[in-house]
1. Counting only residues that are more than 21 Å from Lys140 (Cβ to Cβ) and touching a Ser or Thr at 6+ places or on another chain (Cβ under 8 Å), which one in the range 40-73 is modelled with the lowest pLDDT?
2. Report yes if Tyr217 is surrounded by fewer than 19 Cβ atoms within 10 Å (Cβ to Cβ), at pLDDT below 75 and of a type outside the set (S, T, N, Q), otherwise no.
3. Restricting to the range 93-142, what's the tally of residues that are over 15 Å from Arg79 (Cα atoms), part of a loop (DSSP other than H, G, I, E, B) and either at pLDDT 90 or above or outside the structural domain of Lys78 (by TED's automatic domain parsing) (or both)?
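The values are calculated or read from the model by the stated rules, or taken from the named source; none is laboratory data. Since this is a predicted model, take the numbers as computed values, not measurements. Neighbour counts run over all protein chains shown; Cβ positions are idealised from the backbone, glycine included.
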Amino acid sequence: MAKAYPGAFRDVIEGEIVGSGYDSLIKQMISRLDNVRQAVSNSEGEDTPCRKKRLDTYGCLNWQPVRLPPNETPDSQKRVQEELKKMYKERCPDTKCIENMMRATFFTQRKDIFSGIETSDLMHEWPYLFETVGMKTHFKELTGMDIDKSIASKCARVTTLPSEVDCAELPRTPCIIVCGSSPLNAEYFLLSVDQVLVNSHITIFSDAVRWMFASYYCLNISYPADQGATLEFLQR
């Protein structure tokens, strides 16, 4: 099918075929088959066995929530939303409170996003969705993953010279080494592949991320099983 209709089904990024070229199509067909089987089972009145929640092709667990949280109503969601807007204007420093309120209104945030609302309007209605605290909370609810820990799992942080890095402590898969306390203020970055420093003069974090992804493709390295969803999400 992918060969017959390459423009519609083939996995291509910037003109290059990704993987086999039809991985996404296979995943979608498997997901569709699972859904059909489950629908047939339910219609026959059989008990549906408990199964692990499946990630979709973009690594999301809660793409489109179907109901409000317990004890929540559209009116209560609106009140929290208005309070969040007020807190944003007043530059409230209570990040924990903001996280809890963003988590509580995740359903309504997703509903507004799916409604096709303009980005400028979305920024007005959910200003924290475009701030670090709000986006991290939304990402965690959406994917079930902590984005800081997910990215940190691919980055080692050091404050020493490249010659002082203990490569034996690094993962064998492509890894970014941040020479500083944070990717935001590091002076330079290193790229390690198979516990070998392959590039020690990267000065821009976005370049380091690109080279890390390129290493997987150029060197024919598979994504680690426990980080594949995160890397696919970032890749797409």
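1. Thr48
2. Spelling it out, Tyr217 is indeed surrounded by fewer than 19 Cβ atoms within 10 Å (Cβ to Cβ), at pLDDT below 75 and of a type outside the set (S, T, N, Q).
3. Matching residues across the range 93-142 total 2.
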